[in-house]
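To start, the structure itself, in structure tokens.
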Amino acid sequence: MGPFASWSRRSVVAATGVLVIGLGATSAPSQTPHSAATRELTVSIVNQGGLDGEAPWGHVSSNPPGIECPQTCSAQFDSGTVVDLSADPTAGYSLAHWDAFPNASTCESGPTCSLTIDDQFNPSVTATFQPAAELQAMTAGPGRLSISPTQPGLNALCKVDGQQEDPDSNCVQRFTTGTRVTLTAEADPGARFVGWSDFGCPRHSQTCTPTLRAGVRYITARFSPVKLTVQGGAFGSVVVETEPGGTCTFAEGAPPCEFSYPIGTVVTIRREHESPGNFWIGGCDGNSGGTLDADVCRIRIQANELIGAGLSDPTAIPPPRGSGITVKRVGRGRVTGRVINGGGTLNCGSACTISGLTRYDQVRLRARPSRGSRFVRWSDRVRLPARVVRMSAVNRMKATFSRRR
């Protein structure tokens, strides 16, 4: 099948440890029935990725009163009482999640955790806090990124090849809001750096230093040439029509086919025959969740890409990495957009965002000037007001309008 057939499902862990604050934080909740009419609620605070000795990254209080953690982390409540716990993160941090016993399903997300005091068990709730800004970096093509500073305990290296992250790299890292992080792009021998996916990065500089705000910031360093790898499946053979191309025949045990192109090249791959229940898997135009049932896979190569030719399951190759888009408006006008083959939409004031996408997704944008204004251009110098952008190439854009003369 080839080197990606048994890809590693290693997930990037954004935290390297936990610091637990609060009474009872290291002991399991009691499951022994009691006869008393009251039960003791214990709250613990966890700094996700925190270092020993750090102050807690948030505060938890209760209604009815009784809990003011980390000062007071346990209190007695009558059985049947509904207790609302509220999380108040320290500046620069956010609540990651709650964990509760019992009534776990009522305390999974959101700033408030509501639970009913059980008449049999002493309840226990953990509030986990994390740095509020998340950087999701990526390399597109033959190169690497270094990240400085890093999240404590994580490596400075970021490198992704064919949807799969290098085992020694940490491309997803979390920071307190307002942190300035320096990203430095370095091309592999024989390759060149061609730019960033974020208009806030200097156009021709190999260094980008964004100030991170709350939420996720996606930044990709782009290199050329890029590699297309076609992994065989039930299609038997496929023809890569874009030069340099050729016919790939996939006998059992045959290696994948590989082709090299300048970044941005549109590549057309045609299958030999249909195979019910098997599909193109990967970033082909028109894919739905990474799956396409068609004679032809057409893809604009923006990174080292892996395409499965006749596979039954999207997880048969490494899945696409997460992505999103932010559009900033300058001047009087409006930007709208929608995800092609998806449900997300944009309707911008001064800025707007679609998150929860993948690198396979494409977004159709339209810039509409207000009366007395005209559309000038997008931040990548394209002057057409309507266009399609690919998440594999673009993550932040600017639309500029000016007064009509």
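Values computed for the structure shown
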| quantity | calculated |
| --- | --- |
| Read-out Cα extents along the principal axes in Å, derived from the coordinates shown; its label in (1) 69, 55, 49; (2) 78, 66, 38; (3) 63, 47, 42 | (2) |
| R0 of 41 Å, Cβ-Cβ distance residue 78-residue 313: FRET efficiency to nearest 0.05 | 0.20 |
| Share antiparallel - DSSP beta bridges, the chain, percent rounded to 5 | 80 percent |
| Top of 253, 337, 178 by mean-square fluctuation, Gaussian network on the chain, Cα under 10 Å | 253 |
| Label-point separation, residue 91 to residue 209 (7 Å along Cα→Cβ), nm | 2.2 nm |
| Inter-label distance for residue 108 and residue 260, nm, one decimal - labels placed 7 Å from Cα along Cα-to-Cβ | 4.8 nm |
| Whichever lysines have a C-alpha closer than 30 Å to that of residue 328, once near sequence neighbours (fewer than 8 apart) are set aside | 159, 398 |
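Each reported figure results from applying straightforward, stated rules to the coordinates on display, with no laboratory input. All figures in this text were calculated on a predicted structure; none of them were measured in a lab. Quick reminder, even Gly has a Cβ in these numbers, built from the backbone with ideal geometry, and neighbours come from all protein chains shown.
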